[in-house]
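Student: One structure is given below, represented as C-alpha cells, and several questions about it will come after.
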Amino acid sequence: MLPNHNLPYQKTLTALVILVALMAIIATSAGIFSDEGGGPYPYTSIRGNVVTIYGKGLYKDMSAEVAPQGIAQDYITLFLAVPLLLFSLLLARKGSLRGRYLLAGTLGYFLVTYLFYTAMGMYNSLFIGYVILLGLSFYAFLITLLSFEVHQLPTAFSPSTPLKATGGFLILNSVAIGLLWLSVVLPPLLNGTIVPVQVEHYTTLIVQGFDLGLLLPAGFITAVLFIRKKQLGYLLCPVYFVFLSILMTALTAKVVAMALLGYSVIPVIFIIPTFNVITIICTITILKHLNTSVSIYSGSASWADQTVKL
C-alpha cells in the first residue's frame, strides 16, 4: 500500500469540511427561500427609536435594512463559498499547497460569518445550526492552519512575490475600514447621544466591535509580517487574503441588494466593489507566486518528508 502524502488528519478534516458545507447549504437555503410572515412593520426600540422590521422569513425579526443584507450574503455563501470550500478540500487532499491556502481562507470565511450570525442575528430557528457551523468551521480552520510547516513556507514563494504591494494594500484596507467604523462609533460619544443610530433595535454594534477588536488588527499585523518576510506572515497573509476576497464579495452583494431596494449606497457602491476587485487580484497574485513544489516536513511520522504539489 502506498504511503499517504496528503493532509494530516485528512479523514477528520474532510468530515468537518463536508459537515460545514452541508450545514451551510441548509442555513443559507433557509435564509434565501423562507418567506412566511406579514411583511414590514414599525417597532419602537428600548431606546425609543422607531425601526422598520423586515417581517418575513428566517430573518423576520431583523430590521428591514439588515435582513436583505443577510440574504445577499447567504447567496454568496451558498453559490461561491460552499463550492470553493469543497474544491479547495479536493485540491488540498491531492497535496496542493495552493489548495491548502484556499481551504484555510475559505474556512476562515465560514468561521467569521457564523460567528456574526450567532452573535448578531436575531434569535431564530437556526440558532443551533449557527452554533454547530461556528464550532465545525473553527476546528477545521485550526486543523488546516496547523497542517502548515511554518518555517519552510518562505521557500515556497518566489523571490518576486510582491510583498510590499499586497501587504500595503491590506494595511490600507484595515486602516480605511477601521476609520469608517470609528466614524460611526465616535461622534455619538462626543455629542453625548452615546448610541449610534446604526444600533437600531439590536444590543450593540457586533460587526464594528469584532472588526475593530479582532479582524482589522489581524489584517494589519499579518500584512506587516508579510512585508517583513516573517514566517508567520507567509502563513497568515495569504490565508487572510482568501478570506477577505470572499468576505468583500459578500459585502459587494449586500451593497447591490440595498441599491436594488432603493437605499442610498453612494459612495460605497463604488468603494466596496473596487476594494473587492483589488483584494481578489492580490489573492491571485500571491498564490501564483508559489513555487511549483516545496518539500514540507510536518514532524509527523505519517507524512514526514512530504512533497506538497502545487
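Student: Could you work out how far the C-alpha centroid of the range 102-128 sits from that of the range 135-212, in angstrom?
Tutor: Measuring centre to centre over Cα atoms gives 15 Å.
Student: Next up: Pop the C-beta distance of Leu232 and Leu22 into the FRET formula with R0 = 35 Å and round what comes out to the nearest 0.05.
Tutor: 0.60
Student: Positive end of the charge dipole of the range 10-309 (Lys, Arg +1 and Asp, Glu -1 on Cβ, about the Cα centre): tell me which of Leu80, Leu126, Tyr41 has its Cα farthest that way.
Tutor: The one lying farthest along the dipole's positive direction is Leu80.
Student: Can you show me the helix-derived [θ] at 222 nm for the chain, built from DSSP H runs with n ≥ 4 at -39,500 (n - 2.57) apiece and divided by the number of residues, rounded to the nearest 500.
Tutor: -20500 deg cm²/dmol
Student: Also, I was wondering about something else. Of all trypsin sites (Lys or Arg not before Pro) in the range 220-261, which ones are in loop regions per DSSP and have a Cβ with at most 13 other Cβ atoms within 10 Å?
Tutor: Here the trypsin sites (Lys or Arg not before Pro) that fit, given the DSSP loop and packing criteria, are Arg228, Lys229.
Student: May I ask you to derive the FRET efficiency for Ile46 and Ile271 from their Cβ-Cβ distance with R0 = 41 Å, giving the value to the nearest 0.05?
Tutor: So, using R0 = 41 Å, E works out to roughly 0.80.
Student: What three numbers, in Å, describe the spread of the alpha carbons of the range 84-198 along their principal axes, ordered from the longest?
Tutor: Its Cα atoms span 56, 42, 22 Å along the three principal axes.
Student: Would you list Tyr234, Tyr130 from fewest to most Cβ contacts within 10 Å?
Tutor: Ascending number of Cβ neighbours within 10 Å: Tyr130, Tyr234.
Student: Here is a follow-up. Suppose every Lys and Arg Cβ carries +1 and every Asp and Glu Cβ carries -1, with no other charges. What dipole size does the range 10-309 come out with about its Cα centre, to the nearest 20 debye?
Tutor: That gives the range 10-309 a dipole magnitude of about 920 debye.
Student: When a/c reaches 1.5 or more, the comparison of a/b and b/c decides; with that in mind, is the range 3-64 rounded, prolate or oblate per its Cα gyration tensor?
Tutor: prolate
Student: Extension gain Lys288-Asn191, at 0.36 nm per residue separation less the Cα-Cα distance, in nm?
Tutor: 30.0 nm
Student: A further question follows. A 25 angstrom limit on the alpha carbon distance is what I want to check against. Which of Lys11/Lys288; Lys11/Lys229; Lys164/Lys288; Lys94/Lys229; Lys230/Lys288; Lys229/Lys288 exceed it?
Tutor: The answer is Lys11/Lys288; Lys11/Lys229; Lys94/Lys229.
Student: Sort the range 217-270 into rounded, prolate or oblate with this rule: let a ≥ b ≥ c be the square roots of the eigenvalues of the Cα gyration tensor; rounded if a/c is under 1.5, and if a/c is not under 1.5, prolate when a/b is larger than b/c, oblate otherwise.
Tutor: prolate
Read the figures in this text as sums done on the coordinates, not as results from a lab. Note that the structure is a prediction, hence the values are computed from the model and not measured. No Cβ is skipped: glycine too gets one built from the backbone with ideal geometry, and neighbour counts run over all protein chains shown.
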